[in-house]
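A.B. asks: Take this structure, written in structure tokens, and hold onto it; I'll ask about it next.
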Amino acid sequence: MAIQIAPSILSADFANLERDIARVSTADLLHVDVMDAHFVPNLTLGLPIVERIVQVSPIPVDAHLMIENPDYWAPRYAEAGAASVTFHYEAAKNPVAIARDLRALGVRASVALKPGTDASVILDDLKEFDMVLVMTVEPGFGGQAFMPDMLPKIEAVRAAADAAVASGELTVAPWIQVDGGIATATAPSVAAAGADVLVAGSAVYGEPFPADAIAALRSIAQGAVSGAHHH
């Protein structure tokens, strides 16, 4: 699959959100971090703001719920218009039930794993998910350093997804997303490991021309996979 870039508005100017969303219109997805000050030690934004972001965004909204009780909340974000809703495995009572609720609402169901969570917990249920997010920092704050020890986890999810497609168990592999410390320096290694959706905050919004930063990330990541075995 072609590499997709999902700029994180965590690094945008919250007083000028519509302007900053328009500035990344060349990206594939708009990554919106929802934090509740319980699951993570930070508080960002919630349902009414996401609903409004969806209305003004020129690209599909990718909602990343770093919140408790996603069993209740995840479907609300689907109803608010997010195209993809990611909940954390660690916060979920029943991850498969949440994913099925999301799919029933017509959105992409995605599960996220914190750095300390092993990939094995979701590999038996890959067919239930449209995307797996491998966090490459501890969730909660933007601007953190990338954790290279997460590369084997990306590789494990990619290998399981490719095997499931090869065996016919899956018709299409789930997208594999990475979030945390993604920049032109780290994009090649995550792409080579098998990630195909790259979240970038400061690496996009910290640059004078976000569209150029998006193009550079896409091109450098795509270059790293062209030599790899998967598609």
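The values are calculated or read from the model by the stated rules, or taken from the named source; none is laboratory data. Fair warning: this is a prediction, and the values are worked out from it, not measured in the lab. We place every Cβ from the backbone using ideal geometry, glycine too, and count neighbours over all the protein chains shown.
A.B. asks: Looking only at the stretch 47-58, how many residues end up being buried (at least 17 other Cβ atoms within 10 Å of the Cβ) and either over 16 Å from Val107 (Cβ atoms) or among the aliphatic types (A, V, I, L, M) (or both)? Explain how you work it out, then say what you get.
C.D. replies: Residues of the stretch 47-58 that are buried (at least 17 other Cβ atoms within 10 Å of the Cβ), as a first pass: 50, 53-54, 57.
Right, trim to either over 16 Å from Val107 (Cβ atoms) or among the aliphatic types (A, V, I, L, M) (or both) and you get 50, 53-54.
Going through the stretch 47-58 one residue at a time, the tally reaches 3.
A.B. asks: Of everything in the stretch 178-206 that's in contact with an Asp or Glu (Cβ under 9 Å, 6 or more places away or on another chain) and in a loop (DSSP other than H, G, I, E, B), which residue is farthest from Val121 (Cα to Cα)?
C.D. replies: Result: Gly201.
A.B. asks: Further, regarding this structure: In the set Ala99, Ala80, which member is within 16 Å of Asp36 (Cβ to Cβ), surrounded by 20 or more Cβ atoms within 10 Å (Cβ to Cβ) and in contact with an Asp or Glu (Cβ under 8 Å, 6 or more places away or on another chain)?
C.D. replies: Details: Ala99 fails: within 16 Å of Asp36 (Cβ to Cβ).
None of the others qualify; the one that does is Ala80.
A.B. asks: Give me a count of the residues in the stretch 171-190 that are closer than 15 Å to Pro152 by Cβ and either touching a residue at least 60 places away in the same chain (Cβ under 8 Å) or small (Gly, Ala, Ser) (or both).
C.D. replies: Total meeting the criteria: 1.
A.B. asks: Next up: Six or more apart or on different chains, Cβ under 7 Å: which pairs go from a residue in the stretch 91-114 that's closer than 16 Å to Arg76 by Cβ and at pLDDT 95 or above to one that's part of a helix (DSSP H, G or I) and of a type in the set (Lys, Arg)? Could you list them?
C.D. replies: What qualifies is Ala109/Arg103.
A.B. asks: From the set of residues in the stretch 70-82 that are part of a loop (DSSP other than H, G, I, E, B) and over 15 Å from the mean Cα position of the chain (by Cα), which is farthest from Val197 (Cα to Cα)?
C.D. replies: Of all residues in the stretch 70-82, those part of a loop (DSSP other than H, G, I, E, B) come to 80-82.
Filter once more, keeping what is over 15 Å from the mean Cα position of the chain (by Cα): 80-81.
Details: Ala80: 22, Gly81: 20 Å.
Once the filter is applied, the top-ranked residue is Ala80.
A.B. asks: Restricting attention to the stretch 19-41, report how many residues are surrounded by fewer than 16 Cβ atoms within 10 Å (Cβ to Cβ) and either in contact with a Leu (Cβ under 9 Å, 6 or more places away or on another chain) or part of a strand (DSSP E or B) (or both).
C.D. replies: Residues in the stretch 19-41 being surrounded by fewer than 16 Cβ atoms within 10 Å (Cβ to Cβ) and either in contact with a Leu (Cβ under 9 Å, 6 or more places away or on another chain) or part of a strand (DSSP E or B) (or both): 1 in total.
A.B. asks: Of all the residues that make up the stretch 42-58, how many are in a loop (DSSP other than H, G, I, E, B) and either under 16 Å from Leu29 (Cβ atoms) or without any contact (Cβ under 8 Å) to a residue 60 or more places away in the chain (or both)?
C.D. replies: In the first step, residues of the stretch 42-58 are kept if they are in a loop (DSSP other than H, G, I, E, B); the result is 42, 44-46, 57-58.
Remaining after also requiring either under 16 Å from Leu29 (Cβ atoms) or without any contact (Cβ under 8 Å) to a residue 60 or more places away in the chain (or both): 44-46, 57-58.
Residues flagged as in a loop (DSSP other than H, G, I, E, B) and either under 16 Å from Leu29 (Cβ atoms) or without any contact (Cβ under 8 Å) to a residue 60 or more places away in the chain (or both) within the stretch 42-58 amount to 5.
A.B. asks: Now, a different point. Starting from residues that are surrounded by fewer than 15 Cβ atoms within 10 Å (Cβ to Cβ) and among the hydroxyl-bearing types (Ser, Thr, Tyr), keep the ones in the stretch 134-183 and report whichever is farthest from Val111 (Cα to Cα).
C.D. replies: Ser167
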